[in-house]
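The values are calculated or read from the model by the stated rules, or taken from the named source; none is laboratory data. From a predicted model like this one, the values you see are computed outputs, not experimental measurements. Note that we place each Cβ from the backbone using ideal geometry, even for glycine, and neighbour counts take in every protein chain shown.
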Amino acid sequence: MEKDNDRRIWCFMLPVLVAIFVIRVLYVLYWTGKPIGSSKTHSLRTLIVLGSGGHTAEMLSIMNVLQNDIYTPRIYVAAATDNMSLKKARVLEESLMHQGENSGRKMIEAAQFIQIYRSREVGQSYITSVGTTLIAMAHALWLTLKIRPQVIICNGPGTCIPLCASAFLFKLLGLGWSHIFYVESIARLKKKFRRAHYVGCLM
Amino acid sequence: MDGAENGEHSRKMVFVTVGTTCFDALVKTVDSQQVREELSRKGYTDLLIQMGRGSYMPSKVSGEDEPLTVDYFTFSPSIADYLKSASLIISHAGSGSIFETLRLGKPLIVVVNEDLMDNHQSELAEELAERKHLFYARPQTLHQTIQDMSPESLIPYSPGNPMPVVRLMNKFLGFPTD
């Protein structure tokens with residue numbers, strides 16, 4: 001009798017739970033693509049995911065003209081195996097600081113630099129990348145929890161997938177909302193995305 | 001263009017870069033007799049190779065009387081100075097090195113790494129070659145490209161503008177767009 005009861009409860013509960021989950025996913029997906037009419041906040045915690053080489057160059061060309069007072073504080077993330085990208089970002093941030101001081105504005109040190117485990121190296125096989133992706137995912141969840149980004153800007157799949165996935169998970173669970181901007185690389189010419197806005201070249 | 005023509009002892013340097021990748025096929029090719037002869041026939045006097053994570057070691061050649069001196073190193077924090085002093089750049093298809101070179105207005109041959117898994121890089125090099133901003137080669141055809149190329153035929157690249165992207169983001173987030 002007990003077992004029968006249990007089963008009956010689950011027969012009822014499971015569809016309800018699934019339905020709640022599906023509704024939540026649809027709700028989040030619906031609001032994810034929606035622009036905000038006018039912003040309620042003055043500044044947004046911004047996570048900038050740096051890829052390697054050309055990806056970093058493109059991203060820094062954006063950071064160079066981004067309104068620093070809106071997108072602040074800025075947290076730069078790069079792969080643990082990437083020694084160059086964070087250095088370049090630091091150089092850029094320092095030069096922006098100088099510009100700000102010269103123009104008479106008072107600037108505060110608003111940038112942080114963090115390294116993350118990478119899900120896949122260029123040239124790594126798909127089989128071994130399953131394991132490394134799991135480690136990267138765990139690290140990304142931890143970083144998302146710590147940083148709680150409101151805006152994520154990324155342009156390189158390798159490092160940004162775990163971070164964007166955990167940011168989306170946070171949205172699903174209602175732990176924090178973030179706007180993710182994916183900026184396509186100039187190197188991707190043939191495959192066009194229907195929902196993307198094509199407004200020009202970064203390089 | 002870069003004043004390398006004046007004087008008897010003027011040097012013309014070819015700089016080869018593979019970025020942070022491992023691209024032995026390219027290093028091997030530029031180190032081959034065929035390519036080295038072609039380069040010195042074209043008037044180049046020095047060959048400097050940035051070989052990255054590759055394991056193939058090119059043979060060093062130095063000396064006053066050599067038609068083409070050869071030297072190499074693995075990494076450098078910035079390749080900007082090498083690019084600036086070079087008369088010709090032979091690069092892997094990474095968009096970082098491509099645009100850094102194009103912005104300096106230097107003649108560029110891009111060699112595509114055919115061993116890479118998802119080679120969206122070759123698309124970029126092909127497109128830019130079609131628009132005559134650079135020359136495009138595979139490791140096997142590099143010597144042919146060097147033989148056939150005329151750097152004067154290249155069209156200077158005008159850099160893009162990141163402002164529209166930023167404006168789009170601001171608009172989305174409800175901030176003023178200017």
Inset, instruction - Identify the residue in region B:85-99 that is over 9 Å from the mean Cα position of the chain (by Cα) and either in a helix (DSSP H, G or I) or at pLDDT 95 or above (or both) and, among all such residues, is nearest to residue B:48 (Cα to Cα). - result: B:86
Inset, instruction - Quickly run through region A:158-170 and pick out the residues that are at pLDDT 85 or above and either closer than 15 Å to residue A:62 by Cβ or within 12 Å of another protein chain (Cβ to nearest Cβ) (or both). - result: A:160
Inset, instruction - Considering each residue of region A:18-47, count those that are within 12 Å of chain B (Cβ to nearest Cβ) and not hydroxyl-bearing (Ser, Thr, Tyr), and give that number. - result: 8
Legend entry - Every residue from region A:136-153 that is over 16 Å from residue A:33 (Cα atoms), touching a residue at least 12 places away in the same chain (Cβ under 8 Å) and either within 14 Å of chain B (Cβ to nearest Cβ) or of a type in the set (Gly, Ala, Ser) (or both): A:136, A:140, A:149
Inset, instruction - Name the single residue, out of those in region A:171-197 being touching a helix residue (DSSP H, G or I) at 6+ places or on another chain (Cβ under 6 Å) and more than 14 Å from chain B (Cβ to nearest Cβ), that is surrounded by the fewest Cβ atoms within 10 Å (Cβ to Cβ). - result: A:172
Legend entry - Residue that is surrounded by the most Cβ atoms within 10 Å (Cβ to Cβ) [pool: residues in region A:97-131 that are more than 23 Å from the chain's Cα centre (by Cα) and at pLDDT below 65]: A:107
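Taking the criterion of being exposed (fewer than 15 other Cβ atoms within 10 Å of the Cβ) and not in a helix (DSSP H, G or I), would at least one residue in region B:120-129 satisfy it?
Among the residues of region B:120-129, not one is exposed (fewer than 15 other Cβ atoms within 10 Å of the Cβ) and not in a helix (DSSP H, G or I), which makes the answer no.
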Legend entry - Flag if residue A:77 is β-branched (Val, Ile, Thr) and either surrounded by 20 or more Cβ atoms within 10 Å (Cβ to Cβ) or in contact (Cβ under 8 Å) with a residue 40 or more places away in the chain (or both): yes
Inset, instruction - Determine whether region B:135-144 contains at least one residue that is part of a loop (DSSP other than H, G, I, E, B) and in contact with a helix residue (DSSP H, G or I) (Cβ under 7 Å, 6 or more places away or on another chain). - result: no
Legend entry - Sole exception among (1) in contact (Cβ under 8 Å) with a residue 40 or more places away in the chain; (2) surrounded by fewer than 22 Cβ atoms within 10 Å (Cβ to Cβ) for residue B:99, by number: (2)
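Residue under question is residue A:46, and the condition is that it be in contact with a Ser or Thr (Cβ under 8 Å, 6 or more places away or on another chain), touching a residue at least 24 places away in the same chain (Cβ under 8 Å) and among the polar types (S, T, N, Q); does it hold?
Working: in contact with a Ser or Thr (Cβ under 8 Å, 6 or more places away or on another chain): yes; touching a residue at least 24 places away in the same chain (Cβ under 8 Å): yes; among the polar types (S, T, N, Q): yes.
Answer is yes for this residue.
Results for (1) more than 14 Å from every other protein chain (Cβ to nearest Cβ); (2) crowded, with 18+ Cβ neighbours inside 10 Å; (3) in contact with a His (Cβ under 6 Å, 6 or more places away or on another chain), shown as yes or no for each residue.
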site	(1), (2), (3)
B:11	yes, no, no
B:44	yes, yes, no
B:54	no, yes, no
B:70	yes, yes, no
Inset, instruction - Look through A:28, A:18, A:22, A:77 and report the one residue that is at pLDDT 90 or above and assigned to a strand (DSSP E or B). - result: A:77
Legend entry - Residue among B:106, B:132 that alone is surrounded by fewer than 13 Cβ atoms within 10 Å (Cβ to Cβ), away from chain A (no Cβ under 14 Å) and of a type outside the set (Gly, Ala, Ser): B:132
Inset, instruction - Mind listing whichever residues of region B:53-84 are out of contact with any strand residue (DSSP E or B) (no Cβ under 8 Å at 6 or more places or on another chain) and either touching a residue at least 60 places away in the same chain (Cβ under 8 Å) or assigned to a loop (DSSP other than H, G, I, E, B) (or both)? - result: B:53, B:54, B:55, B:56, B:64, B:65, B:66, B:67, B:77, B:78
